[in-house]
Amino acid sequence: MSDNGCGFPAPGLHSFLFKPLFTVGGFEFNKVMLLALITSAVVVIFFSAAFGKAKVIPGKLQMVGEAGYDFVRRGIVYETLGKRDGEKYVPLMVSLFFFIWIANIWSVIPLAQFPVSSIIAYPAVLAAVVYLTWLPLTFKKHGFAGGFKNITGYDASLGAVLPLVVVIEFFSNVIVRPFTHAVRLFANMFAGHLLLVMFTVASWYLLNSWLIPGAAVSFVMTIVMVMFELFVQAVQAYVFVLLACSYVQGALAEHH
C-alpha cells in the first residue's frame, strides 16, 4: 500500500529507476542503456540498409530513407544554414534527429515503455556534441578575437553598458545554452512519461475498484496521451536539431 493510504501506486522518481540487467566490474548495465544501444543500432542498420546499395530507381526502403534524410536536410539544415554551408552538417543533424526520435518513441512501445531522453544523461551528451561542434567552429571561423566577439555580442558602440552585455552574453551562450538545450528535451520527455504512467496505472487501479466508469475515462485519457506523446516526441527531435543548426549558423555568421 502506498504512503497516501489509498493503495494507489502513484508514479514518481522511482518510475525512472531500473535495477541493473547485469554488472561487470562494478559497472551496472540497465534497461535504459540497452534501449540507447538498440536505438543506435536501429539508426545505423536502417540507413545502411536503405543506402548501402542505392539504386537510381529506389525501392521502398530506400524511398523511406530518402524521405527521412531529405526532411532533415531540406526542412531543417538548408532552411537554417543554407545549402552551401549546411551540406557538411547534414549527416550530424540527421543522426541526431533520428536517434532522438527513436529514443523517444520507446515510451509507447510495449515492453520497452520508457523514453531514453527522460534520463538527463542522454540529452546532456547530445547537447555536449552540439556544444563541442559550435564552440570550436566559432573560433575556427573568426579567430580568437572574432570568436570572442561572436559569443559575447561585443560591440564597442554600446559604450558604458558593454561590460554588462559581454558578461550576460558570455554566460548565456557558453554556460546556459548547453544546459537549456539538454533540459528542454529531458523535461518534455520526463513529464510526458510521468503522465502516461499516471493514467495507465490509474486505469488499472480504478478498474479493480468500484469506480469502473472512472477507469474508462482514465483509459481514454491514456489513449489521448499516447497520441499526444507521439506528436511531442517528433517535435522534440525537430526542435533539438533546429536549435543545433541555429547554433552552427551563429558560429558561421559574420560579426558586425
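The values are calculated or read from the model by the stated rules, or taken from the named source; none is laboratory data. Here the structure is a predicted model, which means the values were calculated and not measured. Positions of Cβ are backbone-derived with ideal geometry, glycine not excepted, and every protein chain shown enters the neighbour counts. Side chains are part of the model used for accessible areas, which takes the heavy atoms of the whole protein and leaves out ligands, DNA and RNA. Shrake-Rupley method; radii C 1.70, N 1.55, O 1.52, S 1.80 Å.
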TODO: Go through 170, 199 for me and flag whichever is open to solvent by less than 50 Å² (accessible area, probe 1.4 Å), part of a helix (DSSP H, G or I) and in contact (Cβ under 8 Å) with a residue 12 or more places away in the chain.
DONE: 199
TODO: Evaluate the stretch 246-255: report whether one residue or more is exposed (fewer than 14 other Cβ atoms within 10 Å of the Cβ), touching a His at 6+ places or on another chain (Cβ under 9 Å) and part of a loop (DSSP other than H, G, I, E, B).
DONE: yes
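I need the full set of residues from the stretch 47-60 which are surrounded by 14 or more Cβ atoms within 10 Å (Cβ to Cβ) and either farther than 24 Å from residue 116 by Cβ or out of contact with any helix residue (DSSP H, G or I) (no Cβ under 7 Å at 6 or more places or on another chain) (or both), in order please.
Looking only at the stretch 47-60, we keep the residues that are surrounded by 14 or more Cβ atoms within 10 Å (Cβ to Cβ), and these are 47, 50-51, 58.
Scanning the stretch 47-60 gives 51, 58.
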Open item on the list: All but one of (1) open to solvent by less than 40 Å² (accessible area, probe 1.4 Å); (2) over 30 Å from residue 250 (Cβ atoms); (3) not basic (Lys, Arg) hold for residue 205; state the number of the condition that does not hold.
Closed with: (1)
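Residue-wise test of (1) in contact with a Ser or Thr (Cβ under 9 Å, 6 or more places away or on another chain); (2) within 30 Å of residue 18 (Cα to Cα).
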site: 108; (1), (2): no, yes
site: 115; (1), (2): yes, yes
site: 122; (1), (2): no, yes
site: 139; (1), (2): no, no
site: 151; (1), (2): yes, no
site: 167; (1), (2): yes, no
